[in-house]
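J.: First, the structure itself, so that you have it in front of you.
The values are calculated or read from the model by the stated rules, or taken from the named source; none is laboratory data. Just so we're clear, the structure is a prediction, and the values are computed from it rather than from any experiment. Glycine gets a Cβ as well: all are built from the backbone with ideal geometry, and neighbour counts include every protein chain shown. All accessible areas refer to the heavy atoms of the entire protein, side chains included, with ligands and DNA or RNA removed. Shrake-Rupley method; radii C 1.70, N 1.55, O 1.52, S 1.80 Å.
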Amino acid sequence: TLRFDTSSQMVLRTTTEPATIRGVTIPADQKVLLLIGSANRDEEVFDRGDAFDLARDTTASLSFGQGPHFCWT
């Protein structure tokens, strides 16, 4: 369910070195707002990204930064 409605919709990060994403270079020491909620519904990654599907492969989910997560109780 975290892919569909993550607890943190966005996070703010600071680049530590220049980073190029899709042809755009972000210099070092720049603030970057990451829209996790949007990324988890990206149609290039998830077929029917806006659909809630419990059987979906969510290994590409970014809810906890990268990949699947499991909490031990």
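J.: Working carefully through the options LEU2, LEU12, find the one that is modelled with pLDDT under 95, under 23 Å from SER61 (Cβ atoms), hydrophobic (A, V, I, L, M, F, W, C) and assigned to a strand (DSSP E or B).
T.: On the way: LEU2 fails: assigned to a strand (DSSP E or B).
None of the others qualify; the one that does is LEU12.
J.: State which residue is nearest to the chain's Cα centre (by Cα) when the search covers only the stretch 21-64 and only residues that are at pLDDT 90 or above and open to solvent by less than 50 Å² (accessible area, probe 1.4 Å).
T.: Restricting to residues being at pLDDT 90 or above and open to solvent by less than 50 Å² (accessible area, probe 1.4 Å), the top hit is VAL32.
J.: Continuing with this model, one more query. Keeping to the stretch 1-20, report how many residues are touching a strand residue (DSSP E or B) at 6+ places or on another chain (Cβ under 7 Å), open to solvent by less than 90 Å² (accessible area, probe 1.4 Å) and basic (Lys, Arg).
T.: Count: 0.
J.: Assuming VAL11 fulfils every condition listed in (1) at positive phi; (2) under 15 Å from the mean Cα position of the chain (by Cα) apart from one, which condition is it?
T.: Against the list (1) at positive phi; (2) under 15 Å from the mean Cα position of the chain (by Cα), VAL11 comes up short only on (1).
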